[in-house]
Amino acid sequence: MTEPLHAPGREPAPAASAPAVFTLAAPPTDDEVAGWVDLLGAVYAADLPGVPAPGPVEVGGRLRVPSIRGRSVQWAVRGADGGLDGAAALLLFTDEGNTHGAYLDVLAVRPSARGRGLGRALWEAVRAELLAQERTSVASSIEPGTPAAELAARIGFENVLPMGWHVQRVPAEPVAVTEGDSGYRLVSWSGETPDAWAEASAVAHGAMEDAPMGELDERAPTWTAERVRQAQRLVVDRGGVILSVAALTGSGEMAAYTEVVLADPADTRAMQYDTVVVPTHRGRGLGRLVKRRMLADVAAAYPGVREIATTVADENGPMVAVNEALGYRRERDVALFQLKL
């Protein structure tokens, strides 16, 4: 559930008159949100061609609605025309076991404004906040081989979990998917998990603890029914849609589930969030089953969605195999990078 560290390019050391970095209002103004959207659009076009840039609904939601995991701080640099030439967003974790860490959600410099030290100036603002809050590590999602990765390496970030972005085409005509003789019952919903499955959903979410984390200095959250709902409400409060599909046993246990998010209901690319199979139910094709049902549900409910994208750790062979069987193709490399302070 992340954004890339957007590429600031090769930056010299700041000149004597360093760029004027300011902290965004809380909440950000309409002008600041519009500037952020325009900035990311320019960065994606230059550095991630073909990848849809976040639109106004997604950007406004992320900037204005707090994460359930911590406190956000955002900075920006204005250009001569009054727009934003650079921006950075940091999430300082407050959840149990992670108060030592943070996540750098965005560090972006407009391509036409690179080479002036903006990226370095924004990083210094981020670093000062990390030190002031006594954080000992910060992570970010970055595409290797990009200018962003080059800057991250100079700062001291290290690749701790290689991953890939994988993309699947959504069929123009939905195909019905049923549980057949699997022995499980498939259920679907939008938004918060219904009361009848809330506790079972929390238990299933806890099975994510064995997901590959590489050397990431971060502890998996403790999932309760309320925390699951908080995470789902966050998507909706930010203007998006979250769809879930689960496989249930006869006794009501949630054996597997998958989630897909549209940050904006008008988006053409949806984001695959978690897909989890509880350990005692693995090896029975449930990952493929819930994802096939999700594909059918998305096609039926949101015909404008043409693709579903997801990230998978390279070492997560079983999930890579599931995705390949469903028609996902690897779009680009990405990795979690981490800096110890």
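The values are calculated or read from the model by the stated rules, or taken from the named source; none is laboratory data. Quick caveat, the model's predicted, so the values are computed rather than measured. No Cβ is skipped: glycine too gets one built from the backbone with ideal geometry, and neighbour counts run over all protein chains shown.
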(message) Checking Leu336 against (1) within 17 Å of the chain's Cα centre (by Cα); (2) surrounded by 17 or more Cβ atoms within 10 Å (Cβ to Cβ); (3) farther than 30 Å from Leu151 by Cα, only one condition comes out false. Which one?
(response) (3)
(request) Identify, by number, the condition in (1) at pLDDT 95 or above; (2) surrounded by 14 or more Cβ atoms within 10 Å (Cβ to Cβ) that Pro194 doesn't meet. (result) (2)
(message) Here is a list: Pro318, Pro265, Pro303. Which entry is surrounded by fewer than 22 Cβ atoms within 10 Å (Cβ to Cβ) and either assigned by TED's automatic domain parsing to the domain that holds Arg69 or more than 21 Å from Pro174 (Cβ to Cβ) (or both)?
(response) Pro318
(request) Would you confirm whether any residue within region 116-137 is within 21 Å of the chain's Cα centre (by Cα), modelled with pLDDT of 95 or more, closer than 21 Å to Gln272 by Cβ and not assigned by TED's automatic domain parsing to the domain that holds Val305? (result) no
(request) Hey, can you tell me all the residues within region 318-333 that are over 23 Å from Gly145 (Cα atoms) and not acidic (Asp, Glu)? (result) Pro318, Met319, Ala321, Val322, Asn323, Ala325, Leu326, Gly327
(message) For the list (1) within 29 Å of Ala231 (Cα to Cα); (2) crowded, with 20+ Cβ neighbours inside 10 Å; (3) of a type in the set (D, E, K, R), I need the number of the one condition that Arg127 fails.
(response) (2)
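Residues checked against (1) more than 17 Å from Trp189 (Cβ to Cβ); (2) of a type in the set (Gly, Ala, Ser); (3) at pLDDT below 95:
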{"site": "Leu262", "(1), (2), (3)": "no, no, no"}
{"site": "Ala270", "(1), (2), (3)": "no, yes, no"}
{"site": "Asp274", "(1), (2), (3)": "no, no, yes"}
{"site": "Arg288", "(1), (2), (3)": "yes, no, yes"}
{"site": "Ala300", "(1), (2), (3)": "no, yes, yes"}
{"site": "Met319", "(1), (2), (3)": "yes, no, yes"}
